[in-house]
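Every number here is computed from the coordinates shown, using simple stated rules; none is lab data. Note that the structure is predicted; figures quoted are calculated from it, not measured. In this analysis, Cβ positions are derived from the backbone assuming ideal geometry, glycine residues included, and neighbour counts consider all displayed protein chains.
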Amino acid sequence: MEKSQNQPIFSVSDFIAVFNQTLEYAYPNVEIEGEVSSFKVNQGKFIFFDIKDKGGSVGCFMTVWQMRVPIEDGMKIIVSAVPKLTQWGKFSLTVKSVWPSGEGAIKKSFELLKLKLETEGLFAPERKRQLPVIPEHIAVISSTQAAGYADFIKILGDRWGGIKVDVAHVQVQGEAAPDQIIRAINYFNQQELLPEVIVIIRGGGSADDLSAFNDEPLVRAIAGSRIPTLVGVGHEIDESLADLAADVRASTPSNAAQILVPDRAEIIRAVNTQVKSLLPRVLQAINQQKQAIDVTLSAVLETIEMAIDEKIRQLKSLKNVLVQLNPKTVLARGYALIRGDIKVGAMIEIETSNVIIGAEVKNVSKR
Amino acid sequence: MSVKDKTIQEKTIELTKLVGWFDGDDFKLEAALDKFKEAEDLAADIEKDLLSLKNEIQIVKQKFDSDN
């Protein structure tokens, strides 16, 4: 057989290189959705698995540190990969990243990672630190264009003021989000003047939108932050692994602001109520004083009344004596009053209670 | 330190102490009116301070889309 004109003859190695160059030119990156099978980890570093559907199967290769979410056989995933022909002639996908696809796979991946991190103690209650009662300097990691961020800033401003708020603008969904958030966490942790809290917020979204917050390195960065963390992602019903790793979990970005600072309107109400409550106390003290005065006054009055009664009683007694001593009283009892010289022949006057008698003394004799 | 120089927290502590005086053994009716006025002024001051506080929001210049 003759060599065709203009047909190059490759060495095997060259063919593989040219083939890979052509592949790279045509498909610099592909995203493929399929089901995982034959998943295995070699030497704790290299991951091999197949991604398949009803019509075919392709081998995949990646390193352990590229695997940000756990996967296992049977899970539906999407891989972002570079197609490659290996030096042994086997077609393979060199996977750059992988993420679960579909509700079931996302949930499964979530549960696997949750169990792994829980076993390591990343979510343990004893690791949780308290947030300052009223922080003066906080860091916020969010997308400044997101509604959740706007809600947080508004409620924070409504409730409290005087806080220095440093904001790191990052993507809060998509493949790039976890790394951006990790860089922002590291940035704040390296500041000379550390914020008192790092607040990571994102509004609601689909399970896929929120999956960035179930990224293993991000969850570890939150758990490892030397600055206490407050995470408010999604709606009340959403639970992310970032929530579980945070020192404090908020159900929403608005709730994060509510947890972070007190409500100044409530404090003003409480302060005014406190002051208003003093007036009844003063009135009560006045009443008590008045009652004490009344009691003293009553006692004094009683003493005076008793003294007066005693004097009246004494007067009555004297009056009785006087009445008894009244000559008319004596005359009324049948006695008579004699006036004049008591000598024989003298004229005397005898007064009884009802008559006055003129009489002459006939004799006087001693008893 | 004058009332103007005190922080909200210091003023709140002072108000709490004043309120406590009304419940304590040192309470004297003769001094109550002055103390009440003092508490009223402090409460008004705290309210004014709280309402005037604004947050200072600053977007950091650092970009986080790459390691640089």
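Pick from A:Asn42, A:Asn186, A:Asn354: which is most flexible by mean-square fluctuation in a GNM of chain A where alpha carbon atoms under 10 Å apart are linked? Result: A:Asn354 has the largest fluctuation of those listed.
Computing Rg and the Kirkwood Rh from the Cα coordinates of the protein assembly as shown gives a ratio, Rg/Rh, of 1.67. Helices assigned as whole DSSP H runs in chain A whose Cα atoms extend at least 20 Å along their own long axis and whose mean Kyte-Doolittle hydropathy is 0.5 or higher are found at A:12-26. Taking one quarter of the surface of the C-alpha convex hull of region A:1-64 gives a mean projected area of 7.5 nm².
With 0.36 nm allotted per residue and the present C-alpha distance subtracted, the A:Tyr187-A:Gln21 stretch has 55.9 nm of extension available. Measuring spread by the Cα atoms of chain B yields a radius of gyration and Dmax of 20.4, 71 Å.
A convex hull fitted to the Cα coordinates of region A:135-265 yields 86 cubic angstrom per residue. Each Cα pair under 8 Å and six or more residues apart adds its sequence gap; the mean of these over the residue count of region A:73-145 is a relative contact order of 22 percent. What does the C-alpha gyration tensor say about the overall shape of region A:277-319? Classify as rounded when a/c is under 1.5, otherwise prolate if a/b is larger than b/c, or oblate. Prolate, since a/c reaches 1.5 and a/b exceeds b/c. The charge dipole of the protein assembly as shown, taken about its Cα centre with unit charges on the Cβ atoms of Lys, Arg (+1), Asp and Glu (-1) only, comes to about 2420 debye. Residue-normalised convex hull volume from the C-alpha trace of region A:5-151: 215 Å³ per residue. Short-range pairs are left out: with C-alpha atoms under 8 Å and at least six residues apart, the relative contact order of chain A is 10 percent. Altogether, the Stokes-Einstein calculation at 10 °C and 1.306 mPa s, with the Kirkwood radius of region A:220-367 over Cα pairs as Rh, returns a diffusion coefficient of 59 µm²/s. Loop exposure criterion: chymotrypsin sites (Phe, Trp or Tyr not before Pro), DSSP state outside H, G, I, E and B, at most 13 other Cβ atoms within 10 Å. Applied to chain A, the longest stretch between such sites is A:89-334.
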